[in-house]
Every structure is written in structure tokens, then in C-alpha cells.
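Notes follow once the structure below has been shown.
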Amino acid sequence: MVAIIDYDAGNIKSVEKALTALGESAVITRDREEILSAEKVILPGVGAFGDAMEKLRRYRLDEVIKEVVARQTPFLGICLGLQLLFESSEETPGVDGLGILEGKIVKIPDHMGLKVPQIGWNSLKFPNRGKLFQGIDDDSYVYFVHSYYLQAKEPEIVTATTEYAVEIHASVEKANVFACQFHPEKSSDVGLRILQNFVAL
């Protein structure tokens with residue numbers, strides 16, 4: 001069973017729908033015991049960093065997430081879920097992230113001809129091909145919606161990058177923690193393969 005963490009963020013149902021399409025059992029929950037007993041855990045979401053951290057703390061889900069990671073349960077952050085795993089975001093100065101991974105979230109710079117937020121399809125490069133991208137071709141396209149992007153402190157955890165005004169760290173893996181800035185649940189067959197790779201860990 002895959003637990004999808006419910007903290008009132010947007011876009012959670014589409015992750016459940018994608019997992020169901022793969023034949024996986026998924027539950028949207030903020031129940032501590034249900035999350036801790038799951039075989040895999042996903043933190044999806046779109047929204048603002050500070051608001052999301054406030055809700056995670058209000059529901060004491062920040063503690064649950066850290067316990068899931070400590071138990072070595074495979075954990076996947078998607079979009080805002082990736083950003084929350086890191087230490088801070090320029091979107092909400094002074095608000096600490098979960099700090100499970102080292103790095104910061106910064107604003108995509110203004111660049112002639114490119115709109116912010118980045119909304120749409122972009123191709124991936126794999127500097128360190130991780131477990132999520134087994135069977136995925138170089139330059140495969142996935143779907144992004146974001147105004148802020150990750151600068152990971154440890155280059156060795158960056159498994160996918162994309163270019164949009166700057167090089168964006170699009171996916172990371174460290175031990176049992178996985179995260180994607182893009183939306184695999186909205187990325188057609190490539191995205192479903194990425195989710196399949198995760199649930200097969």
C-alpha cells in the first residue's frame with residue numbers, strides 16, 4: 001500500500017489516480033499509523049512553501065515524515081513535496097523546510113523569452129541515473145509547473161536536470177528518499193514508468 005500524505009495541498013488526487021492506473025493500492029491520509037505502516041509514502045502537492053510547512057507542522061506530519069525516512073521506507077516528494085524536503089526557500093524567507101536533504105529553493109531568474117512560472121513539458125538529462133529513471137531514455141519529456149527550483153548542496157544526489165533559464169535540479173535520490181520537481185502523474189507514459197519504478201523499489 002502507498003500512503004499519499006494529505007496536508008490540504010493541491011493536486012493530490014491526480015497522484016492517487018495515476019497509482020490506481022498502475023494497479024497499486026493507494027490511500028490519501030494524514031493518519032500517523034496509516035502512514036508509518038505503508039510500504040511506500042508520497043508527499044505530492046502544489047502551493048506555497050511557507051503555507052505548506054505551516055500545515056505539515058499543524059498536523060504534526062513533519063514529525064511523521066522524518067520517522068518514515070528514519071525507518072528507511074521509500075519516500076517520494078513531488079513538486080512542492082521536493083522543495084519541502086530541503087532547508088529553505090526564497091519563496092518564504094525565514095521559514096525552515098524539513099531539512100531532510102541539504103540545499104535551498106531559489107526563484108527561477110527572469111530570462112528574455114521565458115515565462116515564470118515554467119508551465120509545460122521539458123526534457124531531462126541524467127548526470128547520475130538513479131533508480132527512478134531505469135528504462136527512461138535520455139531527453140525524455142516530463143511536465144513542470146513551478147516558479148522556484150532546487151539548488152542541491154550535494155551534486156551526487158542529483159539524478160536528473162533540465163534547462164530553463166538556468167540548470168534546474170529536477171530530481172534527487174539519497175538512500176530511501178526520492179524527489180521530483182516535475183509531475184510524474186501528469187507526464188504520460190514516461191511519468192507512469194517513473195512511478196512504477198518507485199513502487200517497485
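Evaluation of D139 against the conditions (1) open to solvent by 30 Å² or more (accessible area, probe 1.4 Å); (2) in contact (Cβ under 8 Å) with a residue 40 or more places away in the chain; (3) touching a strand residue (DSSP E or B) at 6+ places or on another chain (Cβ under 6 Å) shows that the sole unmet condition is (2). Condition check: over 21 Å from F198 (Cα atoms), of a type in the set (G, A, S) and touching a Phe, Trp or Tyr at 6+ places or on another chain (Cβ under 9 Å). Does A52 satisfy that? For A52, the condition - over 21 Å from F198 (Cα atoms), of a type in the set (G, A, S) and touching a Phe, Trp or Tyr at 6+ places or on another chain (Cβ under 9 Å) - is met. Among the residues making up the range 16-74, those that are open to solvent by 10 Å² or more (accessible area, probe 1.4 Å), closer than 20 Å to D96 by Cα and in a loop (DSSP other than H, G, I, E, B) are G47, A48, Y59, R60.
The residue of the range 81-139 that is nearest to the chain's Cα centre (by Cα), among those that are within 28 Å of D51 (Cβ to Cβ), part of a loop (DSSP other than H, G, I, E, B) and β-branched (V, I, T), is I100. Number of residues in the range 142-155 that are of a type in the set (D, E, K, R) and crowded, with 22+ Cβ neighbours inside 10 Å equals 0. Looking only at the range 156-201, residues that are without any contact (Cβ under 8 Å) to a residue 40 or more places away in the chain and either part of a strand (DSSP E or B) or open to solvent by less than 10 Å² (accessible area, probe 1.4 Å) (or both) come to 5 in all. Report whether or not T92 is open to solvent by 10 Å² or more (accessible area, probe 1.4 Å), hydroxyl-bearing (S, T, Y), modelled with pLDDT of 95 or more and within 20 Å of K131 (Cβ to Cβ). Considered against the rule, which asks whether it is open to solvent by 10 Å² or more (accessible area, probe 1.4 Å), hydroxyl-bearing (S, T, Y), modelled with pLDDT of 95 or more and within 20 Å of K131 (Cβ to Cβ), T92 comes out as no.
Candidates in the range 1-15 are the residues that are touching a Gly at 6+ places or on another chain (Cβ under 9 Å) and not in a helix (DSSP H, G or I); of these, the one that is surrounded by the fewest Cβ atoms within 10 Å (Cβ to Cβ) is G10.
The values are calculated or read from the model by the stated rules, or taken from the named source; none is laboratory data. Being a predicted model, the structure only gives us computed values, none of them experimental. No Cβ is skipped: glycine too gets one built from the backbone with ideal geometry, and neighbour counts run over all protein chains shown. Areas reflect the complete protein model, heavy atoms only, side chains present, ligands, DNA and RNA absent. Shrake-Rupley method; radii C 1.70, N 1.55, O 1.52, S 1.80 Å.
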